[in-house]
Structure formats: C-alpha cells, structure tokens
1. Rounded to the nearest whole Å³, what is the per residue volume of the convex hull around the Cα atoms of the stretch B:92-155?
2. Take the cross-link list B:LYS131/B:LYS179; A:LYS304/B:LYS42; A:LYS110/A:LYS264; B:LYS74/B:LYS110 and give me the ones stretching past 24 Å between alpha-carbons.
3. Could you derive backbone 3J(HN,Hα) for the stretch A:275-281 from the dihedral phi with the Karplus parameters 6.51, -1.76 and 1.60 (θ = phi - 60°), listing whole Hz in sequence and x where the residue is Gly or Pro?
4. Please find the FRET efficiency linking A:ALA186 to B:LEU92, where r is the Cβ-Cβ separation and R0 is fixed at 35 Å, and quote it to the nearest 0.05.
5. Among A:LEU32, A:LEU284, which comes first, second and so on when ranked by fewest other beta-carbon atoms within 10 Å?
6. Can you list the cysteines of the protein assembly as shown that have no other Cys Cβ under 4.7 Å away?
7. With springs only between Cα atoms under 10 Å apart, run a GNM on chain B and tell me which of B:ARG215, B:ARG47, B:ARG116 wobbles the most.
8. So if we plug the beta-carbon distance of B:ASP182 and A:TRP179 into 1/(1 + (r/R0)^6) with R0 = 60 Å, what FRET efficiency do we get, rounded to 0.05?
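Every number in this text was worked out from the coordinates using simple rules, so none of it is lab data. Keep in mind the model is a prediction, meaning the values are calculated, not measured. Methodologically, a virtual Cβ is constructed for each residue, glycine included, from the backbone with ideal geometry; neighbour enumeration extends over all protein chains shown.
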Amino acid sequence: MRAQFVLSEIGVGLRRNLTMTFAVIVSVALSLALFGGSLLMSDQVSTMKGYWYDKVNVSIYLCNKSDAESDPNCAKGAVTSEQRKQIETDLGKMPVVDDVIHESSDEAYKHYKDQFGDSPLAASLTPDQMQESFRVKLTDPEKYKVIATAFDGRDGVQSVQDQKSILDNLFELLNGMNWAARALMALMLVVALMLIVNTVRVSAFSRRRETGIMRLVGASGFYIQAPFIMEAAVAGLIGGGVACAFLVLARYFIIDHGLALSEKLNLIDFIGWDAVLTKLPLILATSLLMPALAAFFALRKYLKV
Amino acid sequence: MIRFDNVSKVYAKQTHAALRDVSLEVERGEFVFLVGSSGSGKSTFLRLILREERASQGQVHVLGKDLARISNWKVPQMRRQLGTVFQDFRLLPNKTVAENVAFAQEVIGKSKGEIRKSVPQVLDLVGLGGKEDRMPGELSGGEQQRVAIARAFVNRPKLLIADEPTGNLDPQTSVGIMKLLDRINRTGTTVVMATHDQNIVDQMRKRVIELEKGRLVRDQARGVYGYQH
C-alpha cells in the first residue's frame with residue numbers, strides 16, 4: 001500500500017465532508033476537554049485534601065468556668081485536673097492518634113490575640129474565657145468518629161470538633177461539580193460518537209462508487225476501510241489537539257495569569273503543570289483511538305467489502 | 001477456469017430460484033457469450049463468479065478454487081486475478097483516464113514505477129494512446145468503455161467478466177469493443193460476456209450459453225444468439 005495514495009484519499013474525504021468533519025472536531029474537542037477537566041479537577045481535589053488534611057486535626061474542647069454556667073454539656077462544672085489527665089492518657093492509648101497538643105486557655109488567648117488582636121472583640125476577652133483544648137492529630141483523618149464516640153459527652157468535655165467536616169463540605173461541592181462535568185462529558189462523548197458514525201456513513205455512501213470499483217479490482221477490505229478510519233482518526237486527533245490546547249490555556253489563565261487564583265487564594269495548593277501535561281497523552285490517544293474504533297464499527301455496517 | 005456443479009441460487013426472502021441446478025465448465029482461453037432475457041439469471045451467474053454472492057447449493061470453482069471455501073479476507077486476492085467490465089463503465093469521474101487505470105494498480109499496491117510503465121502500455125492496447133490526461137466526461141461512450149477495459153486488463157487477469165459491455169453503445173462502436181475483447185482473448189485471457197446484442201453473438205460465432213428462468217437451456221459451441229430470431 002502506498003502512503004501517498006492513502007493520504008491523498010484522506011484529504012479528499014475530509015474536504016468533501018467539511019461541515020461534518022468540523023462537527024466531529026468540535027464535539028471531540030469539547031468532550032475530551034471536559035474529560036481532561038474532570039481528571040484535573042479530581043487531581044486538584046486530592047491535592048487540596050492532602051494539603052489540608054495534613055493541617056487539620058480534631059479539637060477536644062474542655063469546659064471552663066463560664067461554660068459551666070451556660071453549656072448543658074458542662075453542667076458538672078469546669079474540667080478538673082484529674083479529668084484532664086484521664087483524657088490525655090486515654091488519647092495516648094488510642095492507635096489512631098498520631099500526636100496530641102494541649103492548648104491551655106492562656107495559650108488559646110495568646111493565639112487569638114495574635115490572629116485577631118486588633119478587633120474590638122479581642123480587646124474584651126480575658127484568658128479565662130478562652131477554652132483549653134486538646135489538639136489531636138490523627139494518623140488517618142477519616143477516623144474522626146473514634147475520637148468523637150470516646151470523648152463526646154464525657155465529664156469535663158464541652159465538645160469534640162472535627163475541622164475536617166468543615167472542609168468536607170467544600171470537597172463535596174467540588175466532587176459534585178466533578179460529577180456534573182463527567183455527566184456532560186459522557187453526553188458529549190455520545191454526541192461525538194454518533195456524529196462520527198454518521199460522518200462515516202455519509203462518507204461511505206458518497207464514495208460507494210470508488211469503493212465498489214476498489215472491490216472489483218481486488219483491493220483488500222483493510223485497504224478500502226483504511227481511508228475512512230484514518231479520516232475519522234485525523235479529525236479526532238485535531239479535536240484532541242484542540243482539547244489539549246484548551247486545558248493548557250485553562251491552567252494558564254485560571255491559575256497562573258488572568259484569573260490568577262494562585263495569587264488570590266494562596267492558602268490553596270494548586271495542581272502543577274506536570275498534572276496537566278501527564279493528561280495530554282491520554283487525551284490525544286483517546287482522540288485518536290475512539291473515533292477510529294467508532295469508524296471501524298460503522299464501516300462494518302455501512303460499507304460492503 | 002470456471003466450473004459450476006449443480007449450482008442453485010435462491011436470494012434471501014425470495015421463493016423462486018435465480019439459478020437452478022446449473023452445471024457447466026469454461027476452459028482456459030475460451031470466449032463465452034452468456035445470453036438470456038432479463039431476469040434469466042445472467043447477472044446472478046456473473047455475481048457468483050465474482051463471489052459477490054454465494055451459491056445456495058452446488059459448487060462454484062473459479063481459477064481452480066472452490067469459492068465456498070475461500071475465506072472472506074482472501075476474496076480480494078481472488079478478484080485480483082479477474083477483470084470486470086460493466087455496461088455503465090464505472091469510471092471515477094474526477095480522475096483522468098490514466099488515473100482511472102492506475103487506480104486498479106494502486107489499490108493492490110503496485111509500485112509507482114510499475115504503474116508508470118504499464119498504464120501507457122495498456123492504453124495503447126485499447127487504442128487510447130495520447131488521451132491519458134482526458135477526463136472520462138470528455139470521452140465518448142466507446143472510449144469510456146475502452147478505459148474500463150484497460151483498467152480491467154491492466155493487471156493481466158486470467159479471466160475477464162463483461163456484463164453487457166456494449167449495452168450503452170451504438171452498433172459500430174460495439175464492433176470496436178468486441179474486436180478489443182477478442183484481442184484480449186487471444187492473449188490467453190478467458191472472457192465471459194453477458195449480452196443482449198444479437199448481431200454481435202451471431203457475428204463472433206463463439207460458444208453461447210443460454211439461461212432461461214435460471215436454468216441452463218443451451219450450451220453451444222460456435223453458436224448464435226437464439227433459434228427463434
């Protein structure tokens with residue numbers, strides 16, 4: 001088989017079906033951009049999880065004098081040194097506990113002053129109004145429940161608070177968006193596949209004369225099908241290229257420049273270029289193989305060989 | 001070259017057979033006319049030889065091979081040893097004469113050098129030397145059929161199948177085409193030609209096979225078109 005002959009046939013085929021080719025390129029580009037976007041979104045979420053889960057911990061707030069008057073959990077009065085000791089030893093025995101820091105009310109007051117020193121509220125606070133607490137770092141941040149069941153409601157404990165649960169709302173939102181992107185991607189993918197099948201059908205019909213003659217002179221089935229399959233693959237690959245460019249531009253304009261989220265939200269650790277670049281080969285391979293396969297199966301139905 | 005053993009063909013969703021119990025043999029180098037009215041089974045006969053269809057019963061041997069036993073992917077290789085010519089020429093309108101002929105070689109992977117050598121040769125043979133760069137639309141019907149014959153013959157097939165090659169041509173042009181087919185036959189290529197053209201069959205005095213309602217009703221060496229004409 002001569003490459004030049006096949007290539008010229010592909011060019012003729014793509015130009016003949018210019019509108020359909022364009023539709024295939026756009027739909028493949030859109031679906032794969034969404035595909036890549038959702039992959040990157042997952043990466044972003046797990047990067048953020050890694051970053052934040054590392055910093056969050058479970059706080060066990062102990063009752064102080066003012067709690068004893070107002071909070072039903074502290075009805076039995078402020079925490080005693082015995083209760084404090086018991087909590088500390090119990091924490092030490094738990095395998096999920098990685099590290100425990102005790103923060104006294106004085107320390108809590110100092111931290112608060114450091115952070116919000118200028119606010120009028122901070123000025124009115126006194127150290128004994130601040131709660132003392134145990135800051136518990138877990139080996140696995142998901143194991144918060146173990147701590148909660150062990151210490152919630154115990155004498156001297158005002159509350160057990162998991163900082164992770166605050167973050168989880170955010171992650172749930174991001175995950176929800178991710179699933180929406182995936183659903184849209186699946187829909188676009190179906191559209192792209194149907195367009196490819198239809199393009200191949202039209203293309204096979206408009207070239208039935210050529211393919212009929214090819215068959216008569218003994219061209220192999222592969223030789224007759226190859227231009228159609230490669231047409232679909234070329235159109236798909238162009239679409240994949242567009243999708244890649246889209247992702248690179250998105251990373252550039254959303255994170256680094258333009259929106260510049262990396263400057264505005266410097267508490268968040270963003271995905272790097274490596275995360276984007278490693279997705280590109282996958283997208284290109286998909287954009288090449290998926291249309292080629294779709295064309296192959298469409299030809300079995302619409303092209304007699 | 002071709003052997004039919006008790007071949008019948010019933011198309012799907014049809015009750016009566018297109019071919020019924022046909023047995024015959026065509027030897028190497030023969031020139032055979034296939035005659036019969038429309039619907040007599042001529043086209044089915046040719047389609048079985050080309051393995052566009054498979055026989056419902058019986059065996060079809062072409063070029064020494066049982067067509068029922070050739071796997072689908074080997075069919076193209078078998079077809080490369082056959083040339084085909086049709087009433088409607090089946091040329092590619094957007095390719096020149098030379099490109100149309102070259103197409104038959106390109107699709108079976110002949111090298112550019114081979115193509116450059118054999119295309120002018122075969123165009124000379126069919127009497128179209130000098131018209132290599134014309135488009136099919138610029139040619140007369142007879143010339144277009146010559147291009148089709150050149151394309152069928154360029155790969156030097158052992159067997160040439162012609163389905164009413166003169167059906168769209170005037171009598172004088174038809175004679176020219178027949179002379180050409182006769183010449184190709186003399187190079188050793190077996191020719192099987194389905195036709196309605198009484199004059200041609202009567203003039204050529206070749207073997208005549210007549211089909212009627214799918215049955216073989218006459219097989220006559222040096223025959224004429226029909227008894228009743």
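1. Working: hull volume 4.5 nm³, N = 64.
Looking at the stretch B:92-155, the number lands at 70 Å³ per residue.
2. On the way: B:LYS131/B:LYS179 20 Å; A:LYS304/B:LYS42 22 Å; A:LYS110/A:LYS264 28 Å; B:LYS74/B:LYS110 18 Å.
Over 24 Å Cα-Cα: A:LYS110/A:LYS264.
3. 4, 5, 5, 5, 7, 4, x
4. Working: r = 41 Å, r/R0 = 1.18.
The pair A:ALA186/B:LEU92 has a calculated efficiency of 0.25.
5. Values: A:LEU32 30, A:LEU284 17.
Least to most surrounded, the residues fall as A:LEU284, A:LEU32.
6. A:CYS244
7. Highest fluctuation among the options: B:ARG116.
8. Values: r = 75 Å, r/R0 = 1.25.
With R0 = 60 Å, the Cβ-Cβ based efficiency is 0.20.
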